[in-house]
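See below for the structure under consideration.
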């Protein structure tokens, strides 16, 4: 197994972590619905408690996604985080306020009041749009220059420099980025609604979740399909495998899908699974397992999208300022030795997924209901 | 010519210091209290006594309040390596990123998976599964500490790597050398065992408060019984590993040791300052002003601590800047220490070697590339010195390092006596009747936090200006953003974290006042 194998393997793991993260944003989607689905304090308590038993998975996946990206593609870490400063900081602020809100919201003496912490949860929920925006820049590009020789300039040794003074906020001015941001937000809301339907035994919450599911699905499809079609037909950033020269190629991402049939199949199965989970939930009132179909489907779809961003000789983080500064899995990865060490560690992932599944099942064995919220069990 | 704004470096350091200090207010309690509640639940599991369950759940509630804010303040630290220290992220990301990724895969998922079972699983899973979840939560938290401390230790003692001039970065060559470096092992055990002190001091203080209020006397007695023993064990181990850490500092970061001791002029049979007040008039290592206004010192002890030999020479700040003293290499070979100026000259040669190597590769001049690479490799040990403008930059803040070190040691020593006494009095049933002991227990709580924060200040201030010892100073590591942007996020973090801290304290106090009966409100 050569260097290229490990680079592709690690791009796969990064894509998988990113895809799992998008699935787990059902927590954020659910938070954004706090006042739309929860009309009474008790209803909101049920919503918060069913999400509150899972929020740390999303949080941990985000942190692990960051750590794994750092370990495997450190040039992305230094270029994107150091350059798109405000975009990442805004996203991180959304997560900081989330982390305390579950624990603090219903505690006496929390100083800010329950409503403030609920608003924090809603900000974090809607803020997930930013994740979609920064991911979209992997297709649309960002304004930066990478020059490793800068390191020898002792007065200005910074290797990666950002060319736009807005430092990441300019990504919000790109329509295609916003489209993916909105698609991620509405997908998160769909997953949140499906999760409520599965885990809460309450007629009103079930009914309102189904009502919002219809609207959010419609909006998701509009934003996602527009982004998808636009991206598939747009010019993409191709890398010459021999010379490593980056160039713009028409419909690069469509070609990637067609040239990697397994990825295409994963993508199509993912889309079908998402739609099946939603439609069956909408059409069959007693069906509550839609979250699994839509969840697994979103993992497959996002995984495929991220794979076409980085595999098949594609620059996964293009530079619109200096196209040759674009990051590829080849020019931005860790050394072979580090990737090998990390690959051994990655063998733990199935074991981690196994115990997460066991613990998830143990906690979700029974649906949450009003009686449990009024009882003496620990709750938020 | 474009240059970096120096205030950007200072603000970036300030932001990292702010977020790290806040984060460290919560982590030691998680590490210490986590083990204590696990032991308590083990008692419940073994005896079936419902009182132990009630006690466990009470402390677990406080653990949860603290844990949440620990997570909130922790996420930013990982990403700040990228947002504020982007050059660092590339220059050593090949080595530094790995522990962070392993921390996520191995530790964070364990913690976040089982904490949900720990809090919400009391009536959903078996007693055995629940107990295992509690232990796995704290094992996950401790493993997380291991990996982040391995990463931090590597910055203080970069080992197991080589510099690759083609990729312009350091690359990992020996994973085991990174993981099991003596600095990492000492740092891990010292940090974790010192966190046990914080957890124990917390439990003893709150138990003492209950006793003062004549409430929950059984809970208090049982809690003190565990916390005092655990605290004593933690303090003794922290003293032992602290000595190991100090030895490593002496070997790998002699300037930090000199700052810790306020040692400006090197000494044979160097004295260890037990207590001292620095002379505030001293402004520079070479101003001729006496460093101490008052001091009580023991001759030879610093030499013993630094070199395991009472009679050896320990260099001071001046010696380290001016060089010329005799040194001993790894294999006992005798040499002469270089001056700061000589190191800076070598650093410049290393940077020049890299620059010429890159140019030579660009024009395919193999012979020049070979010569330049040899120049780089010969001088690479001093690479970071090439970015130092003034040798005085090499001296960290001596008063801050000195006072925090001594405060940490004095408080640490006090805790050995305190926990031994608390355990003894609790066993003899005299703890409750001695008001002075109860007040002393309350005082222990802020002291434990001060001691813990001091440890980090010593470690991080004492190593300045280095981000990676001798290889990368802070001014070489920052991102290219405006100082104003970092000032803005600094203020935002300061306000947000302060508000959250007060909120947490207020909740914690209310919850303690309610006691175990108010767990679900």
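Some notes on this structure:
- When the convex hull of its Cα atoms is projected in every direction, mean area for chain B (nm²): 27.2 nm²
- Cα point-scatterer Debye curve for segment B:426-521, base-10 log of I(q)/I(0) at q = 0.24 Å⁻¹: -1.24
- Residues listed by number, segment B:102-133, amide nitrogen under 16 Å from residue A:344 label point at 7 Å toward C-beta: B:102-103, B:106
- Rg(Cα)/(2.2 N^0.38 Å) for segment B:340-391, N = residue count: 1.16
- Relative contact order of segment B:340-391, pairs being alpha-carbon contacts under 8 Å that are 6 or more residues apart, as %: 56 percent
- The simple spin-label model puts a point 7 Å past each Cα toward its Cβ; for residue A:169 and residue B:359 those points are separated by 4.1 nm.
- Helix A:55-72 vs. chain A, principal-axis angle (Cα, 0 to 90°, nearest 10): 10 degrees
- Distance histogram for the protein assembly as shown (every C-alpha pair counted, 20 angstrom bins, percent rounded to whole numbers): 14, 45, 33, 8, 0
- Folded to 0 to 90 degrees: helix A:175-199 orientation relative to chain A principal axis, Cα: 30 degrees
- Whether segment B:260-333 is rounded, prolate or oblate, judged on the alpha carbon gyration tensor where a/c under 1.5 counts as rounded: oblate
- Overall form of segment A:90-151 per C-alpha gyration tensor (a/c, 1.5; a/b vs b/c): prolate
- Förster radius 56 Å - calculated FRET efficiency between residue A:265 and residue A:147 (Cβ-Cβ, nearest 0.05): 0.90
- At q = 0.16, 0.19 Å⁻¹, base-10 log of I(q)/I(0) for segment B:152-220 (Debye sum, equal scatterers on each alpha carbon): -0.67, -0.79
- Summary of the geometry: segment A:133-148 and segment B:141-171, compared by the centres of their Cα atoms, lie 27 Å apart.
- Rounded to the nearest angstrom and listed largest first, the equivalent-ellipsoid semi-axes of segment B:185-269 from its Cα gyration tensor are 38, 13, 9.
- Take the Kirkwood radius over Cα pairs of chain A, plug it into Stokes-Einstein at 4 °C and 1.567 mPa s, and you get 60 µm²/s for translational diffusion.
- Of interest is the spacing of the C-alpha centroids, which for segment A:299-338 and segment A:207-264 amounts to 15 Å.
- Put a dot 7 Å past the Cα of residue A:225, heading toward its Cβ, do the same for residue B:433, and the two dots end up 8.3 nm apart.
- Alpha-carbon centroids, segment A:78-101 and segment B:10-52: separation in whole Å: 25 Å
- Rounded to 0.05, the FRET efficiency of the residue B:400 and residue B:173 pair, given R0 = 45 Å and the Cβ-Cβ distance, is 0.80.
- For residue B:164 and residue B:281, a Förster radius of 41 Å and the Cβ-Cβ distance give a FRET efficiency of 0.30, rounded to the nearest 0.05.
- Segment B:87-146: C-alpha pair distances exceeding 14 Å, %: 59 percent
- Nitroxide proxy distance, nm - points 7 Å out along Cα→Cβ at residue A:243 and residue B:236: 7.1 nm
- Cα-derived Rg over Rh, computed across segment A:1-115 with Rh taken as Kirkwood radius: 1.09
- When the inverse distances between all different Cα atoms of segment A:190-286 are averaged and flipped, the Kirkwood radius reads 16.0 angstrom.
- Reference-scaled alpha-carbon Rg (2.2 N^0.38 Å with N residues) for segment B:219-285: 1.66
- Chain A: angle of helix A:203-233 to the longest principal axis, Cα-based, in degrees nearest 10: 10 degrees
Read-outs throughout are calculated quantities, based only on the coordinates presented, and are distinct from any laboratory measurement. This structure is a prediction, so every number in the text was calculated from the model and none was measured. In this analysis, Cβ positions are derived from the backbone assuming ideal geometry, glycine residues included, and neighbour counts consider all displayed protein chains.
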